[in-house]
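What follows is a single structure, written as structure tokens, with notes after it.
The values are calculated or read from the model by the stated rules, or taken from the named source; none is laboratory data. Note that this is a predicted model, so its numbers are computed, not measured. All Cβ positions, glycine included, derive from the backbone under ideal geometry; neighbour counts span all protein chains shown. Areas reflect the complete protein model, heavy atoms only, side chains present, ligands, DNA and RNA absent. Shrake-Rupley method; radii C 1.70, N 1.55, O 1.52, S 1.80 Å.
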Amino acid sequence: MSRKLCLIYALNIADWICTVTLLRIGGFYEANPLMRPLIGEPLSGLIVKGLLPAVLLVLVSRLSRRLETRESLLLNRFISFVLALYSVLCTVHIMNFIVCRIVG
């Protein structure tokens, strides 16, 4: 499970970097309305996309060690779901970069 959590964190950071890069390229916007005011502020972005997720993932990792088998299975499924979502999101970012390269 800890590998999945590390991968989620890495994909979260990749999402942040890709989003900022695509916004600088132009023609794109931040789809998450909660992140729109924060994405242009480096310190806010670092806290919201870097520090807070790291703390949350460490807490989830520690919590997972205390769970019963059934609860642990449910948590593992949820983590797999989040991992799949971030994978799709990063794939969309990569496709946007390819489209920018072809069109631009």
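The table for this structure:
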read-out: Failed item, numbered, when Val99 is tested on (1) in a helix (DSSP H, G or I); (2) of a type outside the set (Gly, Ala, Ser); (3) open to solvent by less than 50 Å² (accessible area, probe 1.4 Å); value: (3)
read-out: Any chance Leu89 is of a type in the set (A, V, I, L, M), assigned to a helix (DSSP H, G or I) and in contact (Cβ under 8 Å) with a residue 40 or more places away in the chain; value: yes
read-out: Top-ranked residue in the range 4-32 [being part of a loop (DSSP other than H, G, I, E, B) and under 15 Å from the mean Cα position of the chain (by Cα); ranked as nearest to Leu57 (Cα to Cα)]; value: Asn32
read-out: The range 56-86 - residue that is in a helix (DSSP H, G or I) and of a type in the set (D, E, K, R) and, of those, surrounded by the most Cβ atoms within 10 Å (Cβ to Cβ); value: Glu71
read-out: Selected residue (only one of Pro42, Pro33, Pro37 is modelled with pLDDT of 90 or more, loosely packed, with under 15 Cβ neighbours inside 10 Å and over 20 Å from Met1 (Cβ atoms)); value: Pro33
read-out: Odd one out for Lys4 among (1) charged (D, E, K, R); (2) free of Cβ contacts under 8 Å to residues at least 60 places away in the same chain; (3) in contact with a helix residue (DSSP H, G or I) (Cβ under 8 Å, 6 or more places away or on another chain); value: (2)
